[in-house]
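*Asks:* Sharing a structure here in structure tokens format.
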Amino acid sequence: MHPLREEVPPSPQPNGDELDEILTFGDPLTRRRFLHRTALTAAAVVAVPALARHASAESPPPAAAPASPAPPAVETGTMDVTLSINGRTYPLKIEPRVTLLDALRERLRLTGSKKGCDHGQCGACTVLINGQRVNSCLALAACHEGDEITTIEGIAKGEELHPVQAAFIKHDGFQCGYCTPGQICSAVACIAEGHAKDEAELREWMSGNICRCGAYTNIRAAILEARDQKPAIA
Amino acid sequence: MNAFTYSRAADPAGALSELSARPQAKLLGGGTNLIDLMKMGVEEPPHLVDVNRLAALARIEEAPGGKGVTLGALARNSDAAQHPLIVQRYPVLAQAILSGASPQLRNRATTAGNLLQRTRCPYFYDPAFPSCNKRRPGSGCGALDPGYNRMHAILGTSPACIATHPSDMCVALAALEAIVLTQGPTEQRAIPFEEFHRLPGDQPELDTILRADELITAVQLPPQPAGRRSHYLKVRDRASYAFALVSAAVVIDLEGDAIKTIRIALGGVAHKPWRAKKAEAALVGKNPRDEAAIRAAAELELADAKPHEHNKFKVELAKRVIVRAVGNAVA
């Protein structure tokens, strides 16, 4: 039986403005507030795949989480990995099988990067590595020592939104918001690559980011507008 | 994902000695296929050798002695597709690379990883299916009728396996007659592209002839004659970011209005990039704008096709893709 598939009571819903803020910017303070409020139920979020449990295998489970499964039979130990993320250095002790996405979300609490498909098909986990967009779900954290990693939390310049973030708000480039951090990271790189010439080019070069709400029209409008402004990074 | 141990190779010799010492180890490049297969439980290597720091294998450069261009095993797909040597001399390769996967995946995916990627046959990719001769030799083929075989092969299949090779890049490399350069513990090999990937026969678990203790170091692209025409055409279920139903890479050298040499490779129809040699032979001396002649050559090539319940459409589609790709190459 899957330990994470238990029925959970519905979470208290944040108001719309707050949710937009959290999902669009991944702002750590806003997010932490949200997480704190919903911690009792968020720890048992139904959609967290089994892989996530490996990432935090050696840390005690959150109090309200369902019982953790037994540790894997083959124990290959942990290794020291130092990651450079959004200009900060994070020393980690992790198993080599921990993906960059799980390291970000489960160990570093940088939960702006989202786990959608976990197979490199949806783009919700997109981050920038040395300025290039990649699927963090298919990257092992151990492979990226020495690389400069930028997540949605590092896209804004302090309080100043990146032009792509501002344009997503202006053009309503999201509905549920789950794909938005990945869309924004991907769009920042797409513009930097010079692949945002027109709608047709964006359709092709943003095809690695799926939006199940179908906000594509507004996403393209946002990227085209942001393209012509000076980006804060990348 | 299974637990495994991890090491980083500092140079090709280090990677080779790791492979020799640990026969079950796998090399980790971009990881866009291997990590996914490990998550699925299809691959469970006890050890990964990270080769991402072998910078010498990431180069794209002129081969010495006018032998064309050397595309390093670790060159990322996105770097290859925008490198001036590739864009200017081998545009069909750039087209094929850019028609595959997504920008995020191409930023990580490597040359060697593209050659070694596994089929996306769902019976192979999901261990919940009990039958797959490629994943568990002798367990049968779940894709054969009455299985669901819409994406499967129509040429060169065997009773053991009807999987397709998923790559676009490799279809172009087949048409370009590239050479796969490998380094083993004692010898280097230069393997013609056509020989590198296998047909399934009765050993579908073997995709290629690469040995377990061998490292791909580069793919060599032969020099291109002046005036060469080429095109990559991919037909898929959606406009972007989907595997090919059928694709074709076409390379044509003309003499006046007649075809002097033509190479046609098909994707999505076989266990390996399929060189349409019957069609090629039939087209020498013909005018590439003579659509009836191209259609006749395509008919000849597909005469041997063995479709299954859900992929009968691929036979006609492959013919049309050949006609359109040749037409586009000389348009």
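The values are calculated or read from the model by the stated rules, or taken from the named source; none is laboratory data. Since we're looking at a predicted model, the values are computed, not measured. So basically every Cβ, Gly included, is an ideal-geometry build from the backbone, and we count neighbours across all protein chains shown.
Residues are listed down the side, and each one gets a yes or a no for (1) of a type outside the set (Val, Ile, Thr); (2) closer than 22 Å to residue B:163 by Cα; (3) touching a Gly at 6+ places or on another chain (Cβ under 7 Å); (4) in contact (Cβ under 8 Å) with a residue 24 or more places away in the chain:
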site	(1), (2), (3), (4)
B:185	yes, no, no, yes
B:189	yes, no, no, yes
B:195	yes, yes, no, no
B:250	no, no, no, yes
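*Asks:* Let me ask you something else. Residues A:169, A:184: which one is of a type in the set (Val, Ile, Thr), away from every other protein chain (no Cβ under 14 Å) and outside any loop (DSSP other than H, G, I, E, B)?
*Replies:* After ruling out the rest, the residue left standing is A:169.
*Asks:* Also, quick follow-up: For segment A:164-178, indicate whether the set of residues that are under 21 Å from residue B:81 (Cβ atoms), small (Gly, Ala, Ser) and buried (at least 16 other Cβ atoms within 10 Å of the Cβ) is non-empty.
*Replies:* No: segment A:164-178 contains no residue that is under 21 Å from residue B:81 (Cβ atoms), small (Gly, Ala, Ser) and buried (at least 16 other Cβ atoms within 10 Å of the Cβ).
*Asks:* Among the residues of segment B:168-217, write down those that are among the aliphatic types (A, V, I, L, M), surrounded by fewer than 19 Cβ atoms within 10 Å (Cβ to Cβ) and under 26 Å from residue B:131 (Cα atoms).
*Replies:* B:199, B:206, B:209, B:212
*Asks:* Quickly run through segment B:110-124 and pick out the residues that are surrounded by 19 or more Cβ atoms within 10 Å (Cβ to Cβ) and either in a loop (DSSP other than H, G, I, E, B) or in contact with a Lys or Arg (Cβ under 9 Å, 6 or more places away or on another chain) (or both).
*Replies:* B:110, B:111, B:117, B:118, B:119, B:121, B:123, B:124
*Asks:* Only one residue in A:203, A:220 is surrounded by 20 or more Cβ atoms within 10 Å (Cβ to Cβ), of a type outside the set (A, V, I, L, M, F, W, C) and within 14 Å of another protein chain (Cβ to nearest Cβ), so which one is that?
*Replies:* Just one listed residue meets the conditions, A:220.
*Asks:* I would also like to ask the following. Is there any pair linking a residue in segment A:124-138 that is more than 8 Å from chain B (Cβ to nearest Cβ) to one that is assigned to a loop (DSSP other than H, G, I, E, B) and modelled with pLDDT under 95, with Cβ under 6 Å and at least six apart or on different chains, and which?
*Replies:* A:131/A:234
*Asks:* Here's a follow-up. Which one of these is out of contact with any Asp or Glu (no Cβ under 8 Å at 6 or more places or on another chain), at negative phi and away from chain A (no Cβ under 14 Å): B:109, B:96, B:153, B:174?
*Replies:* Answer to the check: B:153.
*Asks:* Another question, if that's okay. Check whether at least one residue in segment B:222-229 is within 30 Å of residue B:48 (Cα to Cα), more than 14 Å from every other protein chain (Cβ to nearest Cβ) and of a type in the set (A, V, I, L, M), and report yes or no.
*Replies:* Scanning segment B:222-229, I find no residue that is within 30 Å of residue B:48 (Cα to Cα), more than 14 Å from every other protein chain (Cβ to nearest Cβ) and of a type in the set (A, V, I, L, M), so the answer is no.
*Asks:* Would you check if there is a residue in segment B:61-75 being more than 26 Å from residue B:176 (Cβ to Cβ), more than 14 Å from every other protein chain (Cβ to nearest Cβ) and assigned to a helix (DSSP H, G or I)?
*Replies:* So far as segment B:61-75 goes, no, none of its residues is more than 26 Å from residue B:176 (Cβ to Cβ), more than 14 Å from every other protein chain (Cβ to nearest Cβ) and assigned to a helix (DSSP H, G or I).
*Asks:* Could you list, in sequence order, all residues of segment A:147-201 that are on the phi > 0 side of the Ramachandran plot and under 14 Å from the mean Cα position of the chain (by Cα)?
*Replies:* The one that is on the phi > 0 side of the Ramachandran plot and under 14 Å from the mean Cα position of the chain (by Cα): A:177.
*Asks:* Could you name every one of the strands (runs of 3 or more DSSP E) located completely within segment B:1-59 that has at least 2 residues being within 9 Å of another protein chain (Cβ to nearest Cβ)?
*Replies:* B:5-8, B:47-50
*Asks:* Additional query: So, in segment B:77-94, of the ones that are surrounded by 21 or more Cβ atoms within 10 Å (Cβ to Cβ) and not small (Gly, Ala, Ser), which residue ends up nearest to residue A:131 (Cα to Cα)?
*Replies:* Per the stated criteria, the residue is B:79.
*Asks:* So residue B:84 fits all but one of (1) within 24 Å of residue A:201 (Cβ to Cβ); (2) touching a Lys or Arg at 6+ places or on another chain (Cβ under 7 Å); what number is the exception?
*Replies:* All conditions are met except number (2).
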